[in-house]
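The values are calculated or read from the model by the stated rules, or taken from the named source; none is laboratory data. Model, not experiment: these values are computed from the prediction. Cβ coordinates were reconstructed from backbone atoms using ideal geometry, including for glycine residues, and neighbour counts include every protein chain displayed.
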Amino acid sequence: MSENIFLETEKQNSSYQKAALFSPAYFNDLKSFSFPAQILIILIAALNMIFIAFVISSLFIESSVADIINVFSSVNILSAFKITFFSLGISASLTVLLGIPFSYLISRRNQYINKILNILISLPLLLPPSITGLALLLSFGNRGILSSLTSNLAFSFAGLVIVQLFVMLPLFTLTLKNSFSSIDENIIEAAVVEGAAENDLLFKVYLPLSLRGFTTALIISVLRAAGEFGATIIFAGNMSGKTQTLTTAIYSLTQTNLSQAVALAVIMISAFLLPLFLVEFRIKD
Amino acid sequence: MEKIKISLILSFIILILIVFTLQTSAAAAIRVMAAASLQEPLNEIKEKFEIENTNSELEINYAGSQALFSQIKLGVEFDLFLSANLHYLDQLKKENLVTKDKIFAKNELIIIINSRNKKVANLKQLLNSDYSLLIGAESVPVGDYTVKMFNQYLKSISNKEKRQKLKNNFDSAVVSREFDVKSVLNKVKLGAAEAGIVYLSDYNQDENLHKVEIPAEYNIEASYYLGLSQQSQTEAVKFYNYILSPTAQEIFAKYNFKQVKINE
């Protein structure tokens, strides 16, 4: 009997979670709107879709298969692939390592200090990349306030990882936190009553119940970091084989070899689509 | 509640329409695409020009010449193109996007050192130090000039081993290839890197920077070219002539550009 209730709440909880993460609940029921409003909503949605499709397809139209194959013969681009994947691997691991305990902390105790923490970690998320880059340069550069602690990290691979971590961690933490705090209180209480310790709570209750939230958080934060440009170019610089990522390589190519830039952009968009499909269709709650 | 939502959406759409109509009805300004290194003199020239010609307005877009070049090729509307080398202007000319190619200023390279670091006396000392070096990307005129200058410097060294060693030192000293000269300048100023190679005109008295001159024997002469868009308005031609006028040339000279003989 008690098991039944547990399952029931879990189901409710996960369906709520799904709605909260990707689709605002009120759009689920279009019929609740009056007829003209329905038409307006459909019209706006259609316009939006057409707009996005047009913009993205312009790249696909402009590129050719030969260009795309050509991309893989360029040493610079291959090293940009390597740098991008390698740096993302490191920063993603660090993000998971630091992000899980942090999101657990701020999701569990609804205290005043958590609101402050919330604001603080939201800030990097909303900061314009140019400001992020400048701030990193000022803190880690030769004259930086952190320069006494570290060697000069600007224009280094470590600098690249720092930039990625700076944008990934808040996105990951906030997304996972939302997922954590949407878990039914009753489940938590039940676990606590049964004598679960804090680490049991995190690893046996919170994480298993928010697998979807976790994967989503990881994927979108990795994609966000993969697309990071402004702060990277300011702080990590542009050095092929050392700090040049795919996004900075694309920027560099738009100024010299447009067809290769477009081809690389097409490859990158396709690579972005795969994990997004994964999030929408594959991950079961 | 629904009515509020609908009216909100409608007013949003109307707002967008208003913004669009406003943009199209705004008076057309003369759009100038200018190499980043021209920023200081050109801003002063712009001010003077607008005082003398009250009915024309200038809109100057500064970036690395290669970035401006690709923007123009992609169809950005412009009236004048001020390039830091001939290469990009020439290519646009071949594609019939630009007419004329007139030299209006010249420049040369210098080394800048962040003043927290010990000053070095010349290029050789710089390459034998452990300083990190910022230069322009190969596609950026200043980066292209830097590589040319460095190759000429290498040629002046007869010892083959020494030459190879200096070349290796150069390659390992360069930490980033920036997309315009001002990024090199400002990042060295901030102390993100110890040294950089920029134009002479970029350097002005600054407590954060030392200047190290590069001898004329292997320094390069960077020439700035001025091109006019095919469908330039008369106002744009006026500004074209203004840049070649003595008033503008004096301003260029003030910012350490080398003057050119202008004869038309």
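Quick test for you: out of B:Lys100, B:Lys94, pick the one residue that is surrounded by fewer than 21 Cβ atoms within 10 Å (Cβ to Cβ) and either in contact with a helix residue (DSSP H, G or I) (Cβ under 7 Å, 6 or more places away or on another chain) or free of Cβ contacts under 8 Å to residues at least 12 places away in the same chain (or both).
On the way: B:Lys100 fails: either in contact with a helix residue (DSSP H, G or I) (Cβ under 7 Å, 6 or more places away or on another chain) or free of Cβ contacts under 8 Å to residues at least 12 places away in the same chain (or both).
None of the others qualify; the one that does is B:Lys94.
Within the group B:Gly196, B:Gly191, which residue is at positive phi and either surrounded by 23 or more Cβ atoms within 10 Å (Cβ to Cβ) or within 14 Å of another protein chain (Cβ to nearest Cβ) (or both)? Talk me through it step by step, then tell me what you get.
Working: B:Gly196 fails: at positive phi.
Criteria check complete, one pass: B:Gly191.
Take B:Ser65 and tell me if it is among the small types (Gly, Ala, Ser), more than 30 Å from A:Ser259 (Cα to Cα) and within 11 Å of another protein chain (Cβ to nearest Cβ). Write out each step before concluding.
Details: among the small types (Gly, Ala, Ser): yes; more than 30 Å from A:Ser259 (Cα to Cα): no; within 11 Å of another protein chain (Cβ to nearest Cβ): yes.
No, not satisfied.
Go through the residues of segment B:206-214 one by one and say whether even a single one is part of a helix (DSSP H, G or I) and within 12 Å of chain A (Cβ to nearest Cβ). Explain how you work it out, then say what you get.
Kept after step one, since they are part of a helix (DSSP H, G or I), are these residues of segment B:206-214: none.
No, segment B:206-214 contains no residue that is part of a helix (DSSP H, G or I) and within 12 Å of chain A (Cβ to nearest Cβ).
From B:Ser37, B:Ser70, B:Ser65, B:Ser56, which residue is crowded, with 16+ Cβ neighbours inside 10 Å, in contact with a Pro (Cβ under 8 Å, 6 or more places away or on another chain) and not aromatic (Phe, Trp, Tyr)?
Numbers: B:Ser37 fails: in contact with a Pro (Cβ under 8 Å, 6 or more places away or on another chain); B:Ser70 fails: in contact with a Pro (Cβ under 8 Å, 6 or more places away or on another chain); B:Ser56 fails: in contact with a Pro (Cβ under 8 Å, 6 or more places away or on another chain).
That would be B:Ser65, the only listed residue that is crowded, with 16+ Cβ neighbours inside 10 Å, in contact with a Pro (Cβ under 8 Å, 6 or more places away or on another chain) and not aromatic (Phe, Trp, Tyr).
Check off (1) part of a helix (DSSP H, G or I); (2) closer than 21 Å to B:Ser229 by Cα; (3) under 21 Å from the mean Cα position of the chain (by Cα) for B:Glu50 and give me the number that stays unchecked.
(3)
Condition first: farther than 19 Å from B:Lys254 by Cβ and not aliphatic (A, V, I, L, M). Now tell me which residues in segment B:194-209 satisfy that.
Residues satisfying the conditions are B:Glu194, B:Gly196, B:Glu207, B:Asn208.
Across segment B:149-187, what is the number of residues that are farther than 25 Å from B:Leu38 by Cα, among the aromatic types (Phe, Trp, Tyr) and touching a residue at least 60 places away in the same chain (Cβ under 8 Å)?
Total satisfying the criteria: 1.
Looking at B:Ser201, B:Ser176, which is the one that is among the hydroxyl-bearing types (Ser, Thr, Tyr), closer than 26 Å to A:Ser130 by Cβ, under 15 Å from the mean Cα position of the chain (by Cα) and buried (at least 24 other Cβ atoms within 10 Å of the Cβ)? Give the steps one after another, and end with the answer.
Numbers: B:Ser176 fails: under 15 Å from the mean Cα position of the chain (by Cα).
Selected residue: B:Ser201, the only one of B:Ser201, B:Ser176 that is among the hydroxyl-bearing types (Ser, Thr, Tyr), closer than 26 Å to A:Ser130 by Cβ, under 15 Å from the mean Cα position of the chain (by Cα) and buried (at least 24 other Cβ atoms within 10 Å of the Cβ).
Tell me the residue from A:Phe51, A:Phe102, A:Phe81, A:Phe85 that is within 14 Å of chain B (Cβ to nearest Cβ) and of a type in the set (Phe, Trp, Tyr), please.
On the way: A:Phe102 fails: within 14 Å of chain B (Cβ to nearest Cβ); A:Phe81 fails: within 14 Å of chain B (Cβ to nearest Cβ); A:Phe85 fails: within 14 Å of chain B (Cβ to nearest Cβ).
From the options A:Phe51, A:Phe102, A:Phe81, A:Phe85, the qualifying one is A:Phe51.
Output the number of residues of segment A:87-116 satisfying the condition of being exposed (fewer than 15 other Cβ atoms within 10 Å of the Cβ), in a helix (DSSP H, G or I) and without any contact (Cβ under 8 Å) to a residue 12 or more places away in the chain. I'd like the intermediate steps shown before the answer.
Here is the first cut: in segment A:87-116, the residues exposed (fewer than 15 other Cβ atoms within 10 Å of the Cβ) are A:89, A:93, A:97, A:101, A:109-113, A:115-116.
From what is left, the residues that are in a helix (DSSP H, G or I) are A:89, A:93, A:97, A:101, A:112-113, A:115-116.
Okay, now just the ones that are also without any contact (Cβ under 8 Å) to a residue 12 or more places away in the chain, so A:89, A:93, A:97, A:112-113, A:115-116.
Going through segment A:87-116 one residue at a time, the tally reaches 7.
In segment B:222-241, how many residues are touching a strand residue (DSSP E or B) at 6+ places or on another chain (Cβ under 6 Å) and among the charged types (D, E, K, R)?
The total comes to 1.
Counting just the residues of segment A:209-244 that are of a type in the set (Gly, Ala, Ser) and away from chain B (no Cβ under 14 Å), which one comes out surrounded by the fewest Cβ atoms within 10 Å (Cβ to Cβ)? Talk me through it step by step, then tell me what you get.
Residues of segment A:209-244 that are of a type in the set (Gly, Ala, Ser), as a first pass: A:210, A:213, A:217, A:221, A:225-227, A:230-231, A:236-237, A:240-241.
Applying the additional criterion that residues be away from chain B (no Cβ under 14 Å) yields A:210, A:213, A:217, A:221, A:225-227.
Working: A:Ser210: 27, A:Gly213: 27, A:Ala217: 27, A:Ser221: 29, A:Ala225: 28, A:Ala226: 22, A:Gly227: 14.
Residue satisfying both the conditions and the ranking: A:Gly227.
Return a yes/no flag: does segment A:140-147 have any residue that is in the same structural domain as A:Ser107 (by TED's automatic domain parsing) and modelled with pLDDT of 85 or more.
Residues of segment A:140-147 in the same structural domain as A:Ser107 (by TED's automatic domain parsing): A:140-147.
If we keep only those that are modelled with pLDDT of 85 or more too, we end up with none.
Among the residues of segment A:140-147, not one is in the same structural domain as A:Ser107 (by TED's automatic domain parsing) and modelled with pLDDT of 85 or more, which makes the answer no.
So is B:Gln71 out of contact with any helix residue (DSSP H, G or I) (no Cβ under 8 Å at 6 or more places or on another chain), assigned to a helix (DSSP H, G or I), within 14 Å of chain A (Cβ to nearest Cβ) and among the polar types (S, T, N, Q) or not? It would help to see each step written out before you state the result.
Details: out of contact with any helix residue (DSSP H, G or I) (no Cβ under 8 Å at 6 or more places or on another chain): yes; assigned to a helix (DSSP H, G or I): yes; within 14 Å of chain A (Cβ to nearest Cβ): yes; among the polar types (S, T, N, Q): yes.
Spelling it out, B:Gln71 is indeed out of contact with any helix residue (DSSP H, G or I) (no Cβ under 8 Å at 6 or more places or on another chain), assigned to a helix (DSSP H, G or I), within 14 Å of chain A (Cβ to nearest Cβ) and among the polar types (S, T, N, Q).
Scanning for something over 27 Å from the mean Cα position of the chain (by Cα), surrounded by fewer than 17 Cβ atoms within 10 Å (Cβ to Cβ) and among the hydrophobic types (A, V, I, L, M, F, W, C), does segment A:149-168 turn up at least one residue? Before the answer, list the steps.
Of segment A:149-168, the ones over 27 Å from the mean Cα position of the chain (by Cα) are A:149-152.
With the extra rule that they be surrounded by fewer than 17 Cβ atoms within 10 Å (Cβ to Cβ), the set shrinks to A:149-151.
Now restrict to residues that are among the hydrophobic types (A, V, I, L, M, F, W, C): A:149.
Within segment A:149-168, one or more residues are over 27 Å from the mean Cα position of the chain (by Cα), surrounded by fewer than 17 Cβ atoms within 10 Å (Cβ to Cβ) and among the hydrophobic types (A, V, I, L, M, F, W, C).
Test of understanding: among B:Asp171, B:Asp130, B:Asp144, which residue is assigned to a loop (DSSP other than H, G, I, E, B) and either at pLDDT 90 or above or in the same structural domain as B:Val120 (by TED's automatic domain parsing) (or both)? First the steps, then the outcome.
On the way: B:Asp171 fails: assigned to a loop (DSSP other than H, G, I, E, B); B:Asp144 fails: assigned to a loop (DSSP other than H, G, I, E, B).
From the options B:Asp171, B:Asp130, B:Asp144, the qualifying one is B:Asp130.
Keeping to segment A:245-277, report how many residues are in a helix (DSSP H, G or I) and at the interface with chain B (Cβ under 8 Å from one of its Cβ atoms). Explain how you work it out, then say what you get.
To start, the set of residues in segment A:245-277 that are in a helix (DSSP H, G or I) comprises A:246-254, A:258-277.
Adding the requirement that they be at the interface with chain B (Cβ under 8 Å from one of its Cβ atoms) leaves A:251-252, A:254, A:258.
Looking only at that region, the number is 4.
Filter segment A:71-84 down to the residues that are surrounded by 16 or more Cβ atoms within 10 Å (Cβ to Cβ) and either free of Cβ contacts under 8 Å to residues at least 60 places away in the same chain or of a type outside the set (Ser, Thr, Tyr) (or both) and list them by number.
Residues satisfying the conditions are A:Val71, A:Ile77, A:Ala80, A:Phe81, A:Ile83.
Is there any pair with a first residue in segment A:34-47 that is within 7 Å of chain B (Cβ to nearest Cβ) and a second that is surrounded by 11 or more Cβ atoms within 10 Å (Cβ to Cβ) and of a type in the set (Asp, Glu) whose Cβ atoms are under 9 Å apart and which are 6 or more apart or on different chains, and what are they?
A:Ser34/B:Glu2; A:Ala37/B:Glu2
Looking for something under 30 Å from B:Leu89 (Cα atoms), within 11 Å of chain A (Cβ to nearest Cβ) and free of Cβ contacts under 8 Å to residues at least 40 places away in the same chain - is there at least one such residue anywhere in segment B:122-144?
Yes, segment B:122-144 contains a residue that is under 30 Å from B:Leu89 (Cα atoms), within 11 Å of chain A (Cβ to nearest Cβ) and free of Cβ contacts under 8 Å to residues at least 40 places away in the same chain.
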